[in-house]
1. With a Förster radius of 25 Å, plug the Cβ-Cβ distance of R234 and A789 into 1/(1 + (r/R0)^6) and report the FRET value to the nearest 0.05.
2. Please tell me which of these pairs span more than 21 angstrom C-alpha to C-alpha: K212/K714; K533/K754; K51/K78; K372/K438?
3. So if I take the centroid of the Cα atoms in the stretch 340-402 and the same for the stretch 62-84, what is the distance between those two points in Å?
4. Setting aside same-chain residues fewer than 8 positions from K228, which lysines have a Cα under 21 Å from its Cα?
5. Expressed as an acute angle from 0 to 90° and rounded to the nearest 10, what is the orientation of the C-alpha long axis of helix 236-250 relative to the principal long axis of the chain?
6. Helix-derived [θ] at 222 nm for the chain: sum -39500 (n - 2.57) over DSSP H runs of at least 4, divide by residue count, nearest 500?
7. Working from Cα positions, state the angle (0 to 90°, nearest 10) between the long axis of helix 430-441 and the longest principal axis of the chain.
8. Work through the residues other than S492 whose Cβ is under 15 Å from its Cβ and net out their charges, Lys, Arg +1 and Asp, Glu -1.
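FYI, it's all coordinate maths here, none of it is from the lab. Not measured: the values here are computed from a predicted model. Please note: Cβ atoms are built from the backbone with ideal geometry, for glycine as well, and neighbour counts cover all protein chains shown.
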Amino acid sequence: MKWSGLPAILILALAGTAQAMNQQQLAAFASEAELRFGIEQNFGDGGVKAKLMLNNASNIALPAGAADWAVYFHSVRKIASDEGQSKGLQFRHIQGDLYSVTPTAQFAGLKAGEQLEVVYSPSSAMVNYNDFMPRAFIRYEKLQPAIFANTDTENIRDFVEPLVRTNQVLRHDEPDLFTLATSASRYEDNLDINRIARSLNDTAAPIIPTPKQVTYQKSQTRIDGQWKIHFAGRVKNEAEYLQQRLTDVLGQSLALQAGVVERKARSIQVSVGKQLGKNKVPETPESYALEITADQITIVGSDNAGAFYGIQSLLSLLPAEPAGSVSVPQLLALDSPRAEWRGMHYDMGRNFHGKDVTLRLIEQMSRYKLNKLHLHLTEDEGWRLEIPGLPELTDIGAFRCFDLSEQHCLLTQLGTGPSREGSGNGFYSVDDFIEILKFAAARHIEVVPEIDMPGHARAAVKAMEARYNRLMKEGKKAEAEQFLLSDPEDKSVYMTVQNYTDNSMNVCMESSYAFVDKVVYELQQMYRKAGLKLNIFHMGGDEVGVGSWEKSPACQQFIAKTDGISGVADLKPWFVSRVSALASKRELALAGWEDGLMYDANNTFNRSQFANDRVLANAWDNIWEWDVADRAYRLANAGYEVILSHATHLYFDHPYEVNPEERGYYWAARFTDAQKVFNYMPDHVYANADKTRSGADIDNLENYLGRELVPLEKPENILGIQGQVWTETIRTSEQLEEMIYPRLIPLGERAWHKAAWESDKPDADARQREWSRFAAVLAARELPRMVRAGVQIYLPPPGAIRDNGKLLANTAFPGMAIEYSVDQGKTWREWQETSVVEAGEVLLRSRAGNLVSRPTASE
């Protein structure tokens, strides 16, 4: 689901120097010395080579020999322990992405003014600046660690050498057929989109997501503060939402009155029913009819959610900027959703970003008719929800710092640095979570909580170990063991794909199931306090380290005495079965990631072993050349309810384009832009196979793999689609929103609306026409609306070329404003089609409101 060769934190540790160092000197050294990284090559003789450089610009020397100091840094790629020995240094893997560099007896020392460079071999290619992480630090004996000041930044380029050569920006481990995105290549790529957009000449700005059936008229209806909103009693909350949103646009509040008054001039009527005039409202849940005439707007939902979506369709027609009165096209829309499950997954386990950004995500999801928010609340790197009675889960599990004992916090990871005040730390309180639940419910969004286990459970495991130690010191042995998740005698050896060796909950201990039941109980209580019912418990289940529990005495005893358990391979399905029984007892459906419900790539767990009426599976691993893309259909055919969560198109933590400046990992696809999300076809999974990870074309997946793919026998078990954002590289709320938006908008489009061009052999021309229209509406209306709502969005850099002195430019979103600079970004001018520039470097950027893209150069 989320393969990552992630970076590690760099720790330069100091101790036992000839002359003792005090805290002030250590801080001065970290402030004045510069720690830098670089990529020597991703391919060539010797394979992948990176380098670590330390320029001692301080007046403090590091002594020769095996002194007690260490530099700690994050590396997303594995580094062998014998690296650096030629320079008298040794790399050591601590845990996860945390590494240290320490001196050996052969270390020659580092005097003031000297520089040190160590070349090492990462396990795989690194082609983006964000493959490195910030806040490397140095520790000396028992002093407080000090961050290297030049790495204490979110501008990674400040401490990473420029990536410019071919063997720095392309990968080594396979032929890399993707080319670097440049101003010129973007310009060529954008030509068709802009040409088609200009030719469409649409008079009406369409509703997004596209309604199932809509007829636009040429006439417009003008809405101002004199209009009134009438509503039937059961849609009072929806009508109040409409009133609030119209107030935002019009600057004045429309009168709100109970009771629908048919044919009332200058009124908006909102109700639930079966008929709108002569038109029947679609009977399926969440459907609506919307009619806009000269002096009346009527919204009828098949249920409250349908009425709410009819309101969102009306709001979608409004201009982004506020005005005293606004015009909307007259129309009739009869609409219903394509998919029951229209979801967005948000991982705040890796890095926590706060309540406010979560509320903004819910608001934007509701605008595009998404109805499921999958909250990934726990991870190896953090536990993000207060659980009454288990304070260590958040006191320790929600914070990372430099504590090798992990009795006060988790080990620092992901660029947090050595302090509890570092990036990515924090959690939702019970009150926060209840507020989130209520806010989402008011927008017809169901929050699905995930507690990831038995793998990806390190935060919980370490927190419960700290609880155990505390209570044992108090002489409370029985209480200490009540929720313990690890076997103290376990000698199992494993390494997960995120480089953890101790992140598996022990599935053979009864205390693990007591812990699960306690957490689920507290979750239910929070939902009840919010006036809601918890319907689905997501247990994660993915990426359990191979080798977990093999040398656990608790598991050896459990296997010996338990019928139906013959060996370690039977433990994971046993665990899932136990968790499913706990969930079923509480009348909950069970959900998990696909590999959490499968023995191997081809064989699912027997669905009949689970007591739950519903078991849901997120199908994510569809790497075409890995021959696992039919897992979604295998699970659906076996009786699981499947949510298409495919990494190649629906992982929003992947880069937007092939360029070292872009944030995100690229394990499933080299890039995933908004158009790629728009192009995804939920009803034709195999037809989405376009390119391999290396960029090779796939014309027909069955021919490419040389075998027949599993057909979908039970299409009723495909619930819908879901976007995912994993946050290993996402430390701030601004970074989070840039990765989600604008990709969330085409996600909403595909989840709600099935396009006519979708098929096993999609109509490429029709798809390009529809995307061009869609992209133009994004630029004209949707992105400005997001900017006004205070949302940080990613803007694609412009494309540009020179043609006889003229500067020709375009963007991936036709009509978006473009600016250029001829003085290295000191001043910017608005680009026009007639713009002429002198020879020399020109910088360009796109703009939406007060937000701008990263600049790109055109020679």
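1. Details: r = 28 Å, r/R0 = 1.12.
Efficiency computed from Cβ-Cβ geometry: 0.35.
2. K212/K714; K533/K754
3. 34 Å
4. In chain and number order, the partners are K236, K264.
5. Relative to the chain, helix 236-250 is tipped by roughly 90 degrees.
6. Details: 21 runs with 213 residues, N = 859.
Roughly -7500 deg cm²/dmol at 222 nm, from the helical runs in the chain.
7. It is inclined by approximately 30 degrees.
8. Working: positive: R458, K491, K551, K572; negative: D487, E489, D490, D502, E550.
Around S492, the charge tally is -1.
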